[in-house]
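Encoded as structure tokens, the structure appears first; notes follow it.
The values are calculated or read from the model by the stated rules, or taken from the named source; none is laboratory data. Computed from a predicted structure; not experimentally measured. Here the Cβ is made from the backbone with ideal geometry for all residues, glycine too, and neighbour counts use every protein chain on show. In case anyone asks, the SASA skips ligands and DNA or RNA and just uses the protein heavy atoms, side chains included. Shrake-Rupley method; radii C 1.70, N 1.55, O 1.52, S 1.80 Å.
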Amino acid sequence: MSSEKAKLYEEEMKAYRVQGFTCTNCAAIFENNVKELPGVQDAKVNFGASKVYVKGTTTIEELEKAGAFENLKIRDEKEQRVEREPFWKQKENIKVYISALLLVVSWFLGEQYGEEHVLPTIGYAGSILIGGYSLFIKGLKNLSRLNFDMNTLMTIAIIGAAIIGEWGEGATVVILFAISEALERYSMDKARQSIESLMDIAPKEALIRRGNEEMMIHVDDIQVGDIMIVKPGQKLAMDGVVVKGTSTLNQAAITGESVPVTKTTHDEVFAGTLNEEGLLEVKVTKRVEDTTLSKIIHLVEEAQAERAPSQAFVDKFAKYYTPAIVILALLIAVVPPLFGGDWSQWIYQGLAVLVVGCPCALVVSTPVAVVTAIGNAAKNGVLIKGGIHLEEAGHLKAIAFDKTGTLTKGIPAVTDIVTYGGNENELMTITAAIEKGSQHPLASAIMRKAEENGSDFNDVMIEDFQSITGKGVKAKVNNEKYYVGSPALFEELHGSIESDRKQKITEMQTQGKTVMVLGTKKEILSLIAVADEIRETSKEVIGKLNNIGIETVMLTGDNQRTASAIGKQIGVSDIKADLLPEDKLNFIKELREKHQSVGMVGDGVNDAPALAASTVGVAMGGAGTDTALETADIALMSDDLSRLPYTIKLSRKALTIIKQNITFSLAIKLVALLLVMPGWLTLWIAIFADMGATLLVTLNSLRLLKVKE
């Protein structure tokens, strides 16, 4: 199903939050149970985000019944998050304590009366039943359907241990398995907290003025056009536009920028940002479900439902691996005794193989890493829209950058003013006054510079203004005729340009600047160089990427000379100039043939085709533009490239951790299975191998929470 179709499909389904998922297998069972409920037409579970989407009619009670096998708690998507009980107080853990107590008492009784005595046996049996009650129900149900998952394997192993008289070991296995599941639940919750914390960023109420009345209103009841009053120290509950006041806002929650940004009238502001000092009145522009923060949360949750390539591999592998383990265990239990071995000893070894063969660690190896990495990225102002993009970003060999608005600010600015006789401010005022009538994009840069210098060029009288097509403009100021235009215009006017001035013009042009000239029919009075300013972070970011072995390419429609000057300054490994949008697209295709994995960074609007053609499309400034959020695979929420090296670092780290997890899960199983040869594998070792692998894989994945810039 394409992401667009999936989105539409999800929109017509009701979403609920689920608490208590431990593994992907349980999520699949729950999904099937929900599908079978009366009134439900379809259901879809998102394990990463801990959500269930239901099409049709049902109640929370019915859904909780469907999840009773795992003691799942369901709540409406919009409902406030309830504080969880402390881990040690949770109901599902209490049976573990009782079971463990019975095991210890039975062990003492065994020491007192001997292992074969009826009292310790009853104690062990009680311990097995209390600790493994829900496990057996799931296991026996699966066994009747010939569905071999870890519950089935554990059930066969524990019942088998009891049959051959190993009651103590059976009880120990039950408790260790229950502890393992509880810890798995705890660590999965920890991994999901990064999204849950995003949900708590924006307040659920806001102070709204309607007419002359001010009132506190729940965000669900706030309408577009309402005026929201935000006092210093408060967080914004909704997206909007400032209509009154000036303040600095900390936007770290949305864009990852730690430096507060000044906002004043007509500026766009986002829900979840913190108002630091001034009183703001904000006109609400979006409903609560459409705010940038809601979109981020929705996209992150969607991303966590998408399967990463390594997860797809693991799921496929586990599908064949589990039945293979059952057959192997059966062969170990039956074949050696047929050739004279001890039945009891080899059945015991077969049961131990079943326990060690549980695919828990393997199945959990990828999703925990993906959920953790995507959650960490979202908190740092980077939206990664799926496990596949997380993995692809880690494989990137080359990244192409759109120049204008990505490596540069996209706004031309005056960089140099050279005067030949006369006062610089006066000449700048005359130039700005003449350029006020011009439509040229560089005119606005000159007017901005004059304003910065405190020039009042609007009061200057301009007469006989005339445009000279393709070359510049002319006008009378104080009865003197002035020309503003390209060096070519003055070569025509004067026949030639004096050598020192010609040299200065060439020097500035070589630096990638556009030179405007102010003069009269007789002389050149000043040279004004205008250039698109390079972002402060560009050089540092490109340097970091080059250092980690990524080829960096700058793509631009500018001429070769300007492009070379800017490219050299920034430090990119390659420059492609004079490109039309379709040329960018073709170049990305060429680059993919050469490197396979290629990223493209742009602003997400005019770069959409090139972003789509790259392996990983990265859009800048996702917080302000819906296009960037929709078209890119990764969106940098701030208009700042410095998040890019962090994203590559996180992706590479995630890839390493996923590989470590898969390798470790399989290696520990293999080592334990080899212990069967000399008959050393015990149920104790088997459960410790399984539990240890699951825990280590989960804890290893949680290291991704620590990745910083």
- Item | Residue pairs, from the table LYS521/LYS584; LYS403/LYS504; LYS244/LYS409; LYS73/LYS379; LYS379/LYS544, whose Cα atoms sit over 32 Å apart | LYS521/LYS584
- Residue-wise, which Karplus ³J(HN,Hα) couplings in Hz belong to region 550-558, taking 6.51 cos²θ - 1.76 cosθ + 1.60, θ = phi - 60°, and x for glycine or proline? 9, 6, 10, 10, 9, 10, 8, x, 5
- Cβ charges +1 (Lys, Arg) and -1 (Asp, Glu), total dipole of the chain, debye: 1080 debye
- Message: Suppose we take every Cα in region 275-371 and form the convex hull; what volume per residue is that in Å³?
- Response: 144 Å³
- Item | For the chain, calculated [θ]222 nm from helices alone, where every DSSP H run of n ≥ 4 adds -39500 (n - 2.57) | -16500 deg cm²/dmol
- Net length gained if the chain between TRP343 and MET461 were fully extended (0.36 nm per residue, minus Cα distance): 31.5 nm
- Note on the structure: With every protein chain kept in place and a 1.4 Å probe, the residues ILE130, ILE658 fall, from largest accessible area down, as ILE130, ILE658
- Query: Which of the peptides 166-179, 365-378, 585-598 is most tightly packed, and how do the rest follow, judged by the mean count of other Cβ atoms within 10 Å per residue?
  - Reply: 365-378, 166-179, 585-598
- Distant-in-sequence amide H partners of ASP558 (H built 1.01 Å from N, under 5 Å): ASP578, LEU579
- Message: Sort TYR97, TYR124 by heavy-atom solvent-accessible area, probe 1.4 angstrom, most to least.
- Response: TYR97, TYR124
- Computed accessible area, HIS494, all protein chains, 1.4 angstrom probe, square angstrom: 50 Å²
- Task: At q = 0.20 Å⁻¹, work out log10 I(q)/I(0) for region 209-263 with the Debye formula, treating every Cα as an identical point scatterer and leaving solvent out; two decimals please.
- Result: -0.85
- Note on the structure: Residue-ordered couplings for region 414-427, obtained by feeding phi - 60° into the Karplus form 6.51 cos²θ - 1.76 cosθ + 1.60 and rounding to whole Hz (Gly and Pro as x), are 6, 10, 9, 10, 10, 10, 10, x, x, 7, 4, 5, 4, 5
- Once Lys and Arg get +1 and Asp and Glu get -1 on their Cβ, which of ILE548, THR57, HIS494 lies farthest toward the positive end of the dipole of the chain? ILE548
- Message: Quick check: Cα centre of region 631-697 to Cα centre of region 110-172, how many Å?
- Response: 30 Å
- Using the Karplus curve 6.51 cos²θ - 1.76 cosθ + 1.60 with θ = phi - 60°, work out ³J(HN,Hα) for each residue of region 377-387 in order, rounded to whole Hz, and write x for Gly and Pro. 4, 4, 5, 9, x, 10, 9, 9, 8, x, x
- Provide the solvent-accessible area of LEU293, counting protein heavy atoms only and rolling a 1.4 Å probe, rounded to the nearest 10 Å². 10 Å²
- Packing rank of 545-557, 397-409, where each peptide gets the mean count of other beta carbons within 10 Å, highest leading: 397-409, 545-557
- Semi-axes of the chain from the Cα gyration tensor (sqrt of 5 times each eigenvalue, largest first, whole Å) come to 67, 29, 19
- Protection proxy ranking, peptides 502-515, 630-643, average beta carbon neighbours within 10 Å, highest first: 630-643, 502-515
- Query: Would you list PHE465, PHE339 from the most to the least accessible area, probe 1.4 Å?
  - Reply: PHE339, PHE465
- Using modelled backbone amide H atoms (1.01 Å from N, in-plane), which distant-in-sequence or interchain residues come within less than 5 Å of THR408's amide H? ARG535
- Result for the chain: accessible area per residue, probe 1.4 angstrom, in square angstrom, of 45 Å²
